[in-house]
Amino acid sequence: MKEPDIGRVILVGAGPGAPDLLTLRAARALAAADVVVHDGLIDPAVLDLAPPHARRISVAKQRARHTLSQDKIGDLLVTEARAGNLVVRLKGGDPFVFGRGGEEVAACRAADIAVEVIPGVSSALGAAAEALLPLTHRDHASSVSFVAGQCKGLSDQNWAGLAGKGRTLVIYMGVSAADAIAEKLIADGLSPDTPCAILERGTLPGSRALRTLLADLGGAVVREKIASPALLVVGDVAALGTADNVLIRLTQSIDA
Ligand code: SAH
């Protein structure tokens with residue numbers, strides 16, 4: 001009997017939320033999928049790009065509640081590919097920006113399964129574009145850093161040099177630790193008056209872009225009941241965003 005052909009795995013970035021921010025290459029991969037293994041928060045319109053017969057498997061993760069461990073996800077991708085399937089692993093934003101794409105690629109390679117990565121628009125890029133907030137700017141910022149701001153391990157992280165004059169710091173997964181993050185940055189020498197933006201549900205329905213100053217970052221998150229997914233942007237460029245819904249103007253004008 002003929003061995004079944006070995007399948008392969010494609011890690012696909014689904015973009016920040018709005019389905020039309022998916023790349024054409026991602027849409028083509030979905031159209032060819034036998035199995036789609038996806039995170040939560042993926043728009044049904046994107047999942048609909050897979051053929052009706054393609055199996056859809058959700059491995060949605062929530063903070064503190066992992067539906068499927070990372071190892072199990074790796075095993076699932078390998079098992080499905082070994083069974084001869086074209087497996088699309090669909091992830092929010094970009095697979096290699098806080099997407100654990102590195103571990104999934106490693107799992108496939110260790111099992112000799114062909115693996116490919118299709119980039120996606122990371123949420124920082126999607127949300128910043130929507131809020132008309134340039135992450136770099138010839139006059140205001142010549143570097144941009146992406147950091148993960150979960151409470152766990154926050155104090156061990158060395159962000160020295162990533163924020164301050166001429167630099168933009170974008171914090172993913174930082175909403176619940178916003179207060180501690182602001183404190184840490186101020187303790188590291190950043191001015192409490194540094195402009196900040198909170199970009200909630202970027203490119204999704206009901207998105208909000210809020211502006212404040214670093215000293216108020218934690219307070220703003222609480223007052224405005226900011227919920228995940230949201231990003232924190234720290235740096236002078238945060239004052240440039242001109243989204244419709246700039247909600248917070250403190251006494252010191254950051255436009256001055
Ligand atoms: N790979 C993803 C990031 C996954 S980590 C990417 O490239 O965007 C999850 C974090 O991403 C969330 O906690 C939040 O900080 C951010 N995020 C994802 N989607 C978002 C959105 N639509 N708006 C704002 N932040 C978002």
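Here is the link list: 72/152; 91/165; 152/225; 91/184. Which ones come out longer than 28 Å on Cα distance?
Values: 72/152 22 Å; 91/165 33 Å; 152/225 21 Å; 91/184 30 Å.
The answer is 91/165; 91/184.
Going by alpha carbons, how many degrees (0 to 90, nearest 10) lie between the helix axis of 70-82 and the longest principal axis of the chain?
30 degrees
Order these peptides, 187-194, 174-181, by their mean beta-carbon neighbour count within 10 angstrom, highest first.
Details: 187-194: 14.1, 174-181: 20.5.
Packing proxy ranking, top to bottom: 174-181, 187-194.
Neighbour counts of other C-beta atoms within 10 Å: give me 42, 186 arranged from fewest to most.
On the way: 42 21, 186 15.
In order of increasing Cβ crowding within 10 Å: 186, 42.
Taking the 0 to 90 degree range and rounding to the nearest ten, how far is the long axis of helix 178-187 tilted relative to the main principal axis of the chain, both from C-alpha atoms?
So the inclination is approximately 60 degrees.
When the chain is fully extended, how far beyond the present Cα-Cα distance does residue 79 get from residue 225, taking 0.36 nm per residue of separation? Don't skip to the answer; put the middle values down first.
Details: separation 146, 0.36 × 146 = 52.56 nm, distance 4.16 nm.
Full-extension gain reported as 48.4 nm.
Every number here is computed from the coordinates shown, using simple stated rules; none is lab data. In this text the structure is predicted, and so the values were computed from the model without any measurement. Neighbour counts are summed over all protein chains in view; Cβ atoms, including those assigned to glycine, are modelled from backbone coordinates with ideal geometry.
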